[in-house]
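Reviewing the structure listed below.
The values are calculated or read from the model by the stated rules, or taken from the named source; none is laboratory data. Computed from a predicted model, the values in this text were never measured in an experiment. Cβ placement follows ideal geometry from the backbone for every residue including glycine, while neighbour counts extend to all protein chains displayed.
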Amino acid sequence: MKVLLTGGTGYIGSHTAVELINTGKDIAIVDSLINSNEDVVERIKQITGKEPKFYKTDILDKEAIDKIFAENEIDAVIHFAGLKAVGESVEKPLEYYYNNIMGTLTLLDVMRKHNCKKIVFSSSATVYGDPGVPRLVETMGRRTPTNPYGATKAMIEKILEDLYISDNSWKITILRYFNPIGAHESGLLGDNPNGIPNNLMPYIQKVAIGELEKLHVFGDDYETKDGTGVRDYIHVVDLAKGHILALEKLLSADGGVEKYNLGTGCGYSVLELVKTFEKVNNIKIPYVIDERRPGDIAACYADASKAEAELGWKATKTLEDMCRDSWRYIQMNK
Ligand code: NAD
Ligand code: UD1
């Protein structure tokens with residue numbers, strides 16, 4: 001039983017690699033390192049005692065991917081590889097469509113050739129768009145996302161659905177992540193994007209270590225508990241564990257396309273996150289209130305009951321855990 005992780009040296013992929021190794025799975029990682037570092041492979045070994053096989057390869061390189069499948073008996077793929085910065089995707093739509101869509105098509109074509117028809121795909125709550133209610137459930141349809149990054153997620157979901165219609169021996173699981181934050185408790189794995197971060201927790205981390213002066217809170221006039229945006233923050237280790245259960249279910253399934261929300265089911269506001277970070281880490285996060293960010297919705301959180309009922313998965317880590325682990329990671333990896 002071997003599982004290939006595309007994008008496995010990235011933030012979510014690396015945490016999932018650890019959980020897979022800890023549950024006795026044999027894994028291989030393919031990553032172009034466009035947004036991660038090879039030292040993650042060594043860090044995975046430090047945590048688990050096992051070094052995963054690593055290929056520094058772009059999934060767009062069909063010949064190289066074909067060779068990886070020829071060399072390894074791969075039973076299933078967890079497909080994390082993709083570009084993920086929303087703002088950058090607006091500036092570079094062609095690069096985003098090319099990398100995310102073509103990369104996935106290339107991967108699927110090679111998988112089909114090698115008769116490997118089991119895939120777990122990293123999607124996002126962004127595919128729900130703004131349905132007008134905060135609690136998002138899998139039975140809601142996709143709505144056109146407002147940016148190219150989100151559009152690639154929605155398109156890949158559709159590609160996977162069409163692939164299954166054409167050949168129902170495929171087993172496909174689509175995981176819609178809410179807002180992953182936190183880090184591995186060892187402090188060895190986490191999220192540390194280059195440049196000025198777009199997302200809230202990476203920005204708070206940079207303010208906490210003094211690299212940025214203050215947080216800009218995007219709007220305090222939403223119809224939410226304190227006027228700031230509400231999201232479902234989920235600890236990356238809980239998220240990683242969701243992949244293990246999703247994979248187990250997939251392996252025993254007859255075929256089909258299943259979608260699961262991976263979130264805690266709870267919404268926290270921007271200011272609640274800031275206050276919790278300050279309290280558990282005993283550090284001040286200066287902030288100012290700014291204009292709303294275009295494209296943001298007021299509030300969203302997961303209805304996570306399908307994942308609980310069908311996968312036996314439930315997030316267990318608290319907002320305090322997420323804030324503590326994010327702070328530990330950034331201090332150790334400035
Ligand atoms: P990440 O950038 O840390 O990891 C993605 C990895 O994919 C990186 O290591 C990058 O080098 C690699 N990669 C990108 N294009 C590649 C290519 N063509 N060939 C090979 N490797 C390539 O991002 P992450 O946060 O770990 O996200 C993993 C997946 O989950 C992505 O598909 C992302 O869109 C999705 N997702 C992330 C979030 C989030 O908030 N982090 C939310 C929803 C969905
Ligand atoms: C964003 C993306 C989403 C993507 C997800 C994970 C947008 C519109 N959406 O989600 O497509 O799947 O990241 O990569 O970009 N905030 C601040 N100040 C900041 C940053 C954020 O106040 O400096 C607020 C936001 O307004 C929001 C909350 O914090 O209310 C969370 O923002 P963020 O971390 O960027 O995630 P999302 O917008 O939910």
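List of remarks:
- Out of THR126, THR139, one residue alone is modelled with pLDDT of 95 or more, more than 16 Å from ligand 1 (Cβ to nearest atom) and of a type in the set (S, T, N, Q). It is THR139.
- Residue ID - surrounded by the fewest Cβ atoms within 10 Å (Cβ to Cβ), chosen from residues in segment 156-196 that are within 16 Å of ligand 1 (Cβ to nearest atom) and of a type in the set (Gly, Ala, Ser): GLY195
- Selection from segment 197-211 of residues that are part of a loop (DSSP other than H, G, I, E, B) and either within 23 Å of the chain's Cα centre (by Cα) or buried (at least 17 other Cβ atoms within 10 Å of the Cβ) (or both): PRO197, ASN198, ASN199
- Residues considered: VAL236, VAL274. Of these, the only one that is β-branched (Val, Ile, Thr) and more than 16 Å from ligand 1 (Cβ to nearest atom) is VAL274.
- Selection over segment 127-141 of residues that are more than 13 Å from ligand 2 (Cβ to nearest atom) and charged (D, E, K, R) gives a count of 2.
- Restricting LYS158, LYS225, LYS214, LYS171 to residues that are basic (Lys, Arg), touching a residue at least 40 places away in the same chain (Cβ under 8 Å) and away from ligand 2 (no atom under 15 Å from the Cβ) narrows the list to LYS171.
- Test: residue in segment 219-234 that is within 24 Å of GLY295 (Cβ to Cβ), within 19 Å of the chain's Cα centre (by Cα) and part of a helix (DSSP H, G or I): no
- Restricting segment 239-258 to residues that are of a type in the set (Asp, Glu) and touching a helix residue (DSSP H, G or I) at 6+ places or on another chain (Cβ under 9 Å) leaves a set whose member that is surrounded by the most Cβ atoms within 10 Å (Cβ to Cβ) is GLU258.
- On the stretch given as segment 218-238, residues that are of a type outside the set (Ser, Thr, Tyr), buried (at least 23 other Cβ atoms within 10 Å of the Cβ) and in contact with a helix residue (DSSP H, G or I) (Cβ under 7 Å, 6 or more places away or on another chain) total 4.
- The requirement of being hydrophobic (A, V, I, L, M, F, W, C), within 16 Å of ligand 1 (Cβ to nearest atom), at pLDDT below 95 and not in a helix (DSSP H, G or I) is fulfilled somewhere in segment 286-299, by at least one residue.
- Look at segment 313-334: where a residue is crowded, with 16+ Cβ neighbours inside 10 Å and a partner is in a helix (DSSP H, G or I) and hydroxyl-bearing (Ser, Thr, Tyr), sitting 6+ places away or on another chain with Cβ atoms under 8 Å, you get LEU319/THR276; CYS323/THR276.
Matching residues to (1) modelled with pLDDT under 95; (2) more than 10 Å from ligand 2 (Cβ to nearest atom); (3) under 22 Å from LYS249 (Cβ atoms); (4) of a type outside the set (Val, Ile, Thr):
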{"residue": "TYR98", "(1), (2), (3), (4)": "no, yes, no, yes"}
{"residue": "GLY103", "(1), (2), (3), (4)": "no, yes, no, yes"}
{"residue": "CYS116", "(1), (2), (3), (4)": "no, yes, yes, yes"}
{"residue": "GLY150", "(1), (2), (3), (4)": "no, no, no, yes"}
{"residue": "ILE181", "(1), (2), (3), (4)": "no, no, no, no"}
{"residue": "LEU188", "(1), (2), (3), (4)": "no, yes, no, yes"}
